[in-house]
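No lab work stands behind these numbers, since they all come straight from the coordinates. Source: prediction; values computed, not measured. Using ideal geometry, Cβ is built from the backbone for each residue, glycine included, and neighbour counts are taken over all protein chains shown.
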Amino acid sequence: MTTHEPEQERVGAPLAPPAWEAGNPLSGGQVSQGREAGKPSEVQVTEAEPAQPSTTSGEGETKEPGFRPLTRTERRNLWLQEYGEQDFALQMWARLVEQQDLEIEMMFQIHGMLVFGVMVSTARYAQFYIDLNEELHREHDPDTADALREYYHALVPPIDQPEFGSEGLPVIYRYAHMRDVTIMSAGHKVKVPYWRGKINSVDAFVVGATPGE
């Protein structure tokens with residue numbers, strides 16, 4: 001009795017792959033096909049990565065996801081928090097000095113350090129350093145002189161600055177400026193022509209105080 005074996009698949013004669021294996025765009029992936037002698041074809045499907053949301057603006061600037069400007073309420077809450085930490089009396093003196101260009105003898109106590117001097121406007125403080133940098137850099141390094149001039153000019157508030165800002169909130173003065181300054185700390189004394197410090201760092205102040213001799 002003769003037994004007929006089923007005819008084996010001929011090696012090296014690949015069959016036409018189905019449409020989904022042949023890189024059909026409807027398959028949702030990329031297909032790579034490989035075959036070794038005597039082994040059936042193995043199909044590997046690589047899943048396409050999901051598209052990431054674009055975070056690039058029209059001008060080509062990349063922005064962080066979820067970025068948004070502060071709302072009017074959030075800006076007001078931040079202002080209230082900052083204003084609540086201010087000394088209202090010192091803010092009043094800073095406003096008078098800036099708006100009326102007054103000069104007032106003052107003593108600040110800052111973290112145990114005493115700062116004596118004459119409180120002046122930002123414009124007078126800035127002009128002193130503009131003149132100084134002109135003498136130091138204009139002849140040999142005019143670019144540095146120009147950069148420093150722009151920097152100090154930017155510190156000066158506008159002459160017609162209103163009492164209330166664009167958001168309807170009072171303007172806060174964040175820095176105090178003094179000339180003919182004497183700084184005392186731990187028994188040491190240092191004199192400097194001009195000084196600039198944060199108003200919200202002042203623990204106490206005295207109007208009319210002088211360092212003495």
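Numbers at a glance
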{"read-out": "Estimated vicinal HN-Hα couplings, Hz - the stretch 193-199 in sequence order (Karplus 6.51, -1.76, 1.60; Gly, Pro = x)", "value": "x, 9, 9, 9, x, 6, 5"}
{"read-out": "DSSP-assigned coil residues among GluC sites (Glu not before Pro) in the stretch 117-194, each with at most 12 further Cβ atoms within 10 Å", "value": "Glu139, Glu163, Glu167"}
{"read-out": "Span per principal axis, largest first, for the Cα atoms of the stretch 161-213 (Å)", "value": "46, 21, 18"}
{"read-out": "Cα extents of the stretch 109-195 along the three principal axes, largest first (Å)", "value": "46, 40, 17"}
{"read-out": "Difference of contour (0.36 nm per residue) and Cα-Cα distance, Gln127 to Val156", "value": "9.5 nm"}
{"read-out": "Distance in nm between pseudo-label sites at Thr73 and Lys189 (7 Å out along the Cβ direction from Cα)", "value": "5.6 nm"}
